[in-house]
1. Applying the selection to the stretch 283-321, what residues are free of Cβ contacts under 8 Å to residues at least 60 places away in the same chain, over 18 Å from LEU209 (Cα atoms) and among the polar types (S, T, N, Q)?
2. Scan the stretch 256-273 and tell me whether some residue there is modelled with pLDDT of 90 or more, in contact with a Lys or Arg (Cβ under 6 Å, 6 or more places away or on another chain) and farther than 23 Å from ASP304 by Cβ.
Amino acid sequence: MKSTVKKSKEQLLQELADLREEVNNLRRELRRLKRAEKRLRESEETFRSLIESADDSIYLVDRHYRYLFINKKHLSRLGLSEADYKGRSYKDFHAPVEVREFVRKVDYVFRTGEPISYEYKSIRENKYFLQTFSPVKDSEGRIVAVGIISKDISDRKEMEEELRQLSLTDELTGLLNRRGFFTHVEQYLKMVKRQGIGVFMLYADLDNLKYINDKFGHKEGDYAIMQVARILKENYRESDIIARIGGDEFVVIPVGWVGNCIDIITSRLQKAIKNYNKEVHRGYKLSVSTGVAFYDPSRPCSIDELLAMADKKMYEDKSRKKRLSP
């Protein structure tokens with residue numbers, strides 16, 4: 001009987017020891033969880049600090065396009081405080097055309113679960129941004145929001161435009177080069193063809209450039225080319241298409257001119273050349289041969305064909321000058 005009682009006490013002592021060990025284990029686990037919670041809180045604070053200090057706009061929206069979070073950068077762009085956006089929708093702060101595109105992108109991410117990026121120009125700020133839309137998922141993998149990062153790329157777009165303009169511009173004269181001419185004229189001819197409007201093309205060729213280069217040097221030849229370019233720019237409108245398409249060849253398309261205005265187009269240039277020669281004396285006179293072609297939208301032709309027609313007229317003018325020269 002004594003043995004049974006003694007054994008029960010041993011069991012109780014063992015159970016007590018086991019219980020103490022379990023309590024110690026729980027305490028250790030609790031301390032571990034507290035440390036983990038502290039690290040998580042610190043990580044969240046670090047992550048939030050990074051988001052808040054980011055130079056990009058970062059925000060979250062739900063599937064109804066309501067803001068869930070907006071970082072400080074984007075708040076400053078919108079001119080809002082944190083209290084102002086709670087429960088507000090994207091459409092409350094943007095133009096309808098921007099809202100339609102934004103809704104389409106958010107819907108795509110919710111529907112497919114795939115991120116998407118695109119460039120757009122902000123109507124309010126007149127700046128370019130690269131927007132990346134990414135799904136935000138819960139622990140079960142369900143998409144609960146869409147995160148948007150909006151990066152200002154205005155400087156890059158401005159540089160791209162400058163490079164594009166350089167590729168379309170003649171370095172010597174500042175006029176459009178041949179590539180720039182074709183780029184602009186292709187778009188213009190599409191428009192006038194739809195509207196049924198005719199277009200005149202003036203083809204101008206600097207006479208005696210070889211003579212100027214041989215007698216006065218290529219620097220003087222470049223100067224003569226630049227003077228023709230300046231006269232063209234001064235005597236035609238800023239909206240007109242003016243280009244240097246070859247060494248001594250220029251083309252002008254007077255935008256919006258209608259009717260039989262060939263004489264007006266050519267006489268304006270010849271009068272300006274005549275006035276230049278009265279005022280400037282460099283051992284030679286500027287002379288330009290011209291030809292005018294007409295683009296008829298009822299019988300459309302290619303740019304090359306239009307150039308060929310104008311070029312033919314120009315050579316007729318050049319030949320006439322040679323026959324009349326002493």
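1. Listed by number, the list holds a single entry, SER302.
2. No, there is no match, as no residue in the stretch 256-273 is modelled with pLDDT of 90 or more, in contact with a Lys or Arg (Cβ under 6 Å, 6 or more places away or on another chain) and farther than 23 Å from ASP304 by Cβ.
Quick grid of which residues meet (1) surrounded by 13 or more Cβ atoms within 10 Å (Cβ to Cβ); (2) within 17 Å of LYS151 (Cα to Cα); (3) in contact with a Cys (Cβ under 6 Å, 6 or more places away or on another chain):
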position	(1), (2), (3)
LYS72	yes, yes, no
LEU80	yes, no, no
ARG111	no, no, no
PRO115	yes, yes, no
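The values are calculated or read from the model by the stated rules, or taken from the named source; none is laboratory data. Just so you know, these numbers come straight off a predicted model, no measurement behind them. Because the Cβ atoms are built from the backbone with ideal geometry, glycine has one as well, and the counts that use them run over all protein chains shown.
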